[in-house]
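Down below is the structure, laid out as structure tokens.
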Amino acid sequence: MNLTKALKHKKKLIKLAEEQYIRFSKFNSTLVGTETPYNAEQAFNEWLRLTDELVELKTNIHIANGPIMNKIHRMSELKSMIHRFRGVDTKSGMHREYYESNALAEYTAFFDVVKKDTQIHAWEGMIEELQEEIEAYNATTKI
């Protein structure tokens with residue numbers, strides 16, 4: 001199985017494990033004599049089995065991703081930087097102060113809104129390039 005399929009399978013396993021946990025949790029304690037649509041013991045055991053399979057798959061994915069971990073981490077950090085950078089105040093020029101309606105104050109900013117947008121677009125371009133490289137690697141790498 002290539003990494004692309006493995007990553008899709010990982011998502012599926014996470015969903016299935018969560019479903020089994022919910023069934024176990026919901027029907028673990030029931031009124032004596034009540035019939036339930038799911039057996040808590042079976043759901044618990046399936047949850048454990050799926051979790052073991054998920055751990056094995058995640059481990060294999062992690063090992064296979066070794067050569068591109070730098071790209072994965074770089075992309076993650078770029079996304080984090082963009083998220084934080086979007087909140088940077090770019091106010092410059094004369095502005096009325098909030099606490100005094102008639103007072104004006106002059107502001108200056110290292111990054112104005114255009115420079116900020118340009119930087120974000122550059123980082124987004126880097127993310128796209130990294131994503132393409134990672135997807136190509138995932139499509140050709142077997143685990």
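The values are calculated or read from the model by the stated rules, or taken from the named source; none is laboratory data. These figures come from a predicted structure and were not determined experimentally. Note that we place each Cβ from the backbone using ideal geometry, even for glycine, and neighbour counts take in every protein chain shown. The area values use the complete protein model at the heavy-atom level, side chains included, leaving out ligands, DNA and RNA. Shrake-Rupley method; radii C 1.70, N 1.55, O 1.52, S 1.80 Å.
Numbers at a glance
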read-out: Filter result for the condition that a residue is open to solvent by 70 Å² or more (accessible area, probe 1.4 Å) and either in contact with a Gly (Cβ under 8 Å, 6 or more places away or on another chain) or over 28 Å from Ala122 (Cβ atoms) (or both), over Pro37, Pro67; value: Pro37
read-out: Residues that are assigned to a helix (DSSP H, G or I) and either basic (Lys, Arg) or surrounded by fewer than 16 Cβ atoms within 10 Å (Cβ to Cβ) (or both), drawn from segment 134-143; value: Glu135, Ala136, Ala139, Thr140
read-out: Residue among Thr30, Thr90 that is open to solvent by less than 60 Å² (accessible area, probe 1.4 Å), outside any helix (DSSP H, G or I) and out of contact with any strand residue (DSSP E or B) (no Cβ under 6 Å at 6 or more places or on another chain); value: Thr90
read-out: From the options Arg74, Arg84, residue that is under 25 Å from Glu129 (Cα atoms), open to solvent by 90 Å² or more (accessible area, probe 1.4 Å), touching a Leu at 6+ places or on another chain (Cβ under 8 Å) and in a helix (DSSP H, G or I); value: Arg74
read-out: Segment 50-72 residues that are small (Gly, Ala, Ser), paired with ones that are open to solvent by less than 70 Å² (accessible area, probe 1.4 Å) and part of a helix (DSSP H, G or I) (beta carbon under 7 Å, 6 or more apart); value: Ala64/Leu3
read-out: Flag if Ser80 is modelled with pLDDT of 95 or more and under 23 Å from Lys8 (Cβ atoms); value: no
read-out: So Glu97, is it under 30 Å from His121 (Cα atoms), without any contact (Cβ under 8 Å) to a residue 12 or more places away in the chain and either of a type in the set (Asp, Glu) or surrounded by 11 or more Cβ atoms within 10 Å (Cβ to Cβ) (or both); value: no
read-out: Matching entry among Phe44, Phe85 (being closer than 17 Å to Ile120 by Cβ, touching a residue at least 24 places away in the same chain (Cβ under 8 Å) and of a type in the set (Phe, Trp, Tyr)); value: Phe85
read-out: Filtered residues of segment 100-133 (kept if among the polar types (S, T, N, Q) and open to solvent by 100 Å² or more (accessible area, probe 1.4 Å)); value: Asn102, Thr108
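To keep it simple, each residue is scored yes or no on (1) under 22 Å from Ala6 (Cβ atoms); (2) touching a Pro at 6+ places or on another chain (Cβ under 8 Å); (3) of a type in the set (Asp, Glu).
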{"residue": "Ile72", "(1), (2), (3)": "yes, no, no"}
{"residue": "Val88", "(1), (2), (3)": "no, no, no"}
{"residue": "His95", "(1), (2), (3)": "no, no, no"}
{"residue": "Ala103", "(1), (2), (3)": "no, no, no"}
{"residue": "Val113", "(1), (2), (3)": "no, no, no"}
{"residue": "Ile120", "(1), (2), (3)": "no, no, no"}
{"residue": "Met126", "(1), (2), (3)": "no, no, no"}
{"residue": "Glu132", "(1), (2), (3)": "yes, no, yes"}
{"residue": "Glu135", "(1), (2), (3)": "yes, no, yes"}
